[in-house]
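Novice: To start, I am sharing the structure in question, which I have written as structure tokens.
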Amino acid sequence: MLTLALSQLRDRPRRYVSVLLAIVIGVTFLASALLVGSSATASLRNSLGATYSAADLVVAPAPGADFETGVGLAAAAGTPAGPGSLQDVEGVREAHAHVVTAAGLQRPSGREGTGSWSETSDFALVSTVPRDTTLVPAELVAGGFPAPGSATEIVLDERTARSFGLAVGSSTYLIPGVEADSPGRRVTVAGIAEVSQDPNAIGAIQVRADEALTEALKADALAALRSLEGAVVDGPEAREQAAAAEMAEALAADHAEHVLVRLADGADPARVAAALREAAEDRGLDVTVATPDVQAQEQVARMAGSNVFAWVLGAFAAIALLVTALVIANTFSVLVAQRSRDLALQRALGASTRQVRGSVLAEAGVVGLLGSLVGVGLAAALVAGLVAWGATAEGFGFLTFEAAPLDLVTCVAVGVGLTVLASSAAAGAATRVSPLEAMRPREDAAVGNRAGTVRLVLGTLALLAGAAGLVGGAVQANLAIAVAGGALSFVGVLMLAVLFVPAVVSVAGLAARPAGVPGRMARLNAVRNPGRTASTAAALLIGTTLVAMMLTGGRTAQVQMDTIFRAEFPVDVQVRLDPDGGAAERDRVVAVEGVDAAALLVPAGTARPAGTGGGGAAEGGTAGGEAAVYAADPEQLRAVVAGLPADAAERLGESGTVLVPNTVEADALVVTGPAGSRTFDVVASASSALVPVIPLADARALGLDPGAAGAGASVGLPEGPAPQLWLRADEGLALDALQELNTEVAQAAGVTQDSVSGELALRLLFTVVIDGMLMVVTALLAVSVLIALVGVANTLSLSAIERSRENSLMRALGLTRGGLRGMLALEAVLVSGVAALVGCVLGTVYGGFGAHTVFGPMAAGIGQPVVWPVVPWPELALIVVVSVAAGLLASVAPSRRAARLSPVQGLATA
């Protein structure tokens, strides 16, 4: 039977090309996912190994240890100026705690020596230099390390030095970890080092300094935080005050990620490790002590489970393999049907059912083996090339390609097993009938027969049960139930496909009637074999449904997140002006490119909930407390505030109303100004980032003079709140342009950049992230669609071969070559078009329910009971057009072969 199988492959190789291509694509995807995972693990091991490689031993918090363990570990290691208990362990020459301090490195805005500096700084991680500089895991490329006790020298990584135009001897500024009024500390570049391979430092500027400088930076940051903590503030600034207190507490103590230990000459590593562990336990610290290699391997083992990218690729590989299985099953069913007479003759000549089944499975095994080997080879070449290319980027030299032999063998085994399993149904069908019955056509599942009735009952039950789970999960916001219900309902759809897809294709085929005989014949041929049509359409249906689902869900998520962000942060940008700031600053800011509208808010008085007495100044108008109230022109206010509930948006800016944050629980506020008090009805927002605002005319009635200099000091609050600007940015503003916008706004308003705030960056970041995810996901799912379209081409090709006599007869009766090609093209268009349309409808439904499941609770928090799906009509139309065009393209080769066959040759075909 193996000889017979090989002869089939040798004599008719063309019939197996498309199924071979489907296997290659599916296995390439699977192997790529596994190779990405193993290469990521190897790269991480390489990176961590470089981080620890300079030490003799590494002391680190044990897995699961809390933050305080790192604090205690830093104290146990001590500093060069004040060594800790780990330093006292016999055999230890130095125990250096890896403590990192966040800071900002100022970028020169002009050439070195001009004294010109930018107003912004880039994020940097500052780590201390040990006494034994050989413990530093990055080699110097120029200069030297800071002198002991120096608070003015740093070592900079070579990537940043080149980007900033700095060299040994250059000067720059280090800014404390929070925004401070001072320009920072002027430092000199004493040395330039290689970029560290530490995975926690990738992407950040890497600065190394003596303990004296890091302590000075920490002291500056603490002073700035405590000054903010002690200030009297109102509105959203109160949250900054609370955050400042937390940051000050965190900065008060160092936290060590690990301790690098250098042993004394002749010291026994095992004995010293035990002594270090004992010294740490005496301080109540749960730590591990290991050699650099062991520490790196253990950390990689803990982090390997978080390789999300590999898992995501694996999930999409599974989808691609599912579609591949459908294509294989459909292809072999057609091949077996075409060879039914050959198989019947073999049975009549004495071949057993086992031998016949074995010959079909042997064909599948050989094709699966060839396709799997090619797929694994392509995946290895692809991933290895990407890793090699990535390793050329500065700072990513640790990237390593690793191909685990077990993974490669697994991919080949999966490819072969999947092919054999997918073809087993066709192999079984070849042996379930007698030689005489094999000469007759096999009855497909239809509503009128037993197979169709079973499919109808089981498919309907699965569809109804799954739909109930999908709806129930969406209502309860239970993602697990919704996903399970959606999957079950889709299984039901696939089971019913053989019953409804041919009918839909037949109806759609009415549109082909104007094409004449080719159109009518295409419609009849498309539904002549319902099982084959349904199977071909099902493969494409899976891909298009998933693509449409992700597009609908992604677009809905994008709009919903924008709605939620606008409700929580109704104002794009907020600017805190100087006390004498006003209309002139607003006019300059609104002229800045990228600013669509601006509203000037001037202090108008104080507010307290109606029915309560006065009290000290408080944020948000909480019960019994007072807060500053601002006034703004209603038209300006409506132009910049977005995301309010519908009723609140209608009342915004009306006389006698006050816009308040969601921290206000009262229905009315009493606002007091220089000329008296008045009760205002509350216009509630869903945001905690706003300050109370009343209309400007109402403020004038309370005695405010908006044009008066220093109006903020006239309302009776300590230090007087400063005027503000609320801005709305242009809709087309990009994330990378936001920093430039903030800088220009600050310059136009005459304030420092730390006076410009807002959550627009977060909203734009989510938009960019969702767009990127949609692009990646759609590209990954496109692999499934590609495999399905290969199946369309394969089915059409085999069907044309099967109908050679029929096609030749029509040619003999007058059908032209063009008519024959048109008939096959229309047949492909009907199947692919119907599958794409049904897939788009299903995907839109699933995407809508999924979006409601995920975002329903958040939407309810801003008064939105239902998350309606955002249908991406242009993208869905593109899916249909591409599917139809691909189906048309898939018909080119089989139609050309069919048209080249002369009627005489075709009629002579057995």
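Novice: Give me the number: length gained by fully extending ASP587 to VAL454, i.e. 0.36 nm times residue separation minus the C-alpha to C-alpha distance, one decimal in nm. Present the calculation step by step, with values, prior to reporting the outcome.
Specialist: Working: separation 133, 0.36 × 133 = 47.88 nm, distance 7.42 nm.
Result for the pair: 40.5 nm of gain on full extension.
Novice: Of the options TYR630, GLY581, THR563, report the single residue whose Cα projects farthest towards the positive end of the charge dipole of the range 522-680 (beta-carbon charges: Lys, Arg +1; Asp, Glu -1).
Specialist: It is THR563.
Novice: For ARG896 and TRP873, what does the FRET efficiency come to when R0 = 25 Å and r is the distance between their Cβ atoms, rounded to the nearest 0.05? Let's see the in-between values first.
Specialist: Details: r = 35 Å, r/R0 = 1.41.
The calculated FRET efficiency here is 0.10.
Novice: Quick check: pseudo-label points 7 Å beyond the Cα along Cα→Cβ at ARG513 and LEU382, how many nm apart are they?
Specialist: With each label placed 7 Å out from Cα toward Cβ, I get 4.6 nm.
Novice: From the phi angles alone, apply the Karplus equation (6.51, -1.76, 1.60; θ = phi - 60°) to the range 631-636 and give each ³J(HN,Hα) in whole Hz, x where the residue is Gly or Pro.
Specialist: Once θ is set to phi - 60°, the couplings for the range 631-636 become 10, 8, 5, x, 5, 4 Hz.
Novice: A follow-up question, please. For the ranges 872-882, 833-843, what's the packing order if you count other beta-carbon atoms within 10 Å of each residue, average per peptide, and put the highest first?
Specialist: On the way: 872-882: 16.3, 833-843: 24.3.
My ranking of the peptides, most packed first, is 833-843, 872-882.
Novice: While we're on this one: Please work out the FRET efficiency for the pair THR752 and ALA147, using the Cβ-Cβ distance as r and a Förster radius of 25 Å; give the result to the nearest 0.05. Mind dumping the intermediate values first?
Specialist: Details: r = 34 Å, r/R0 = 1.35.
Working from the Cβ atoms, E equals 0.15.
Novice: Using a 10 Å cut-off on Cβ atoms, rank the peptides 542-554, 509-521, 728-740 from the highest mean neighbour count down. All intermediate terms of the calculation are to be shown ahead of the outcome.
Specialist: Values: 542-554: 26.4, 509-521: 16.5, 728-740: 14.0.
Ranked by mean Cβ neighbours within 10 Å, highest first: 542-554, 509-521, 728-740.
Novice: Okay, moving on. Can you give me the pair-distance distribution of the range 494-563, C-alpha pairs, 10 Å bins, whole percents?
Specialist: 20, 32, 25, 16, 7, 1
Novice: OK, next. Give the calculated FRET efficiency between ARG520 and VAL904 to the nearest 0.05, with a Förster radius of 25 Å applied to their Cβ-Cβ distance. Can you show the working numbers first?
Specialist: Working: r = 25 Å, r/R0 = 1.02.
Taking R0 as 25 Å, the efficiency between ARG520 and VAL904 is 0.50.
Novice: Fully extended, how many nm does the chain gain between SER85 and ASP342 (0.36 nm per residue separation, minus their Cα-Cα distance)?
Specialist: Numbers: separation 257, 0.36 × 257 = 92.52 nm, distance 8.56 nm.
Using 0.36 nm per residue and subtracting the Cα-Cα distance, I get 84.0 nm.
Novice: Highest mean first, how do 631-637, 501-507 rank when packing is the count of other Cβ atoms within 10 Å averaged over residues?
Specialist: In descending order of packing, they fall as 631-637, 501-507.
Rule-based calculations on the coordinates, nothing more; no lab input. Model, not experiment: these values are computed from the prediction. Cβ atoms come from the backbone with ideal geometry, glycine included; neighbour counts cover every protein chain shown.
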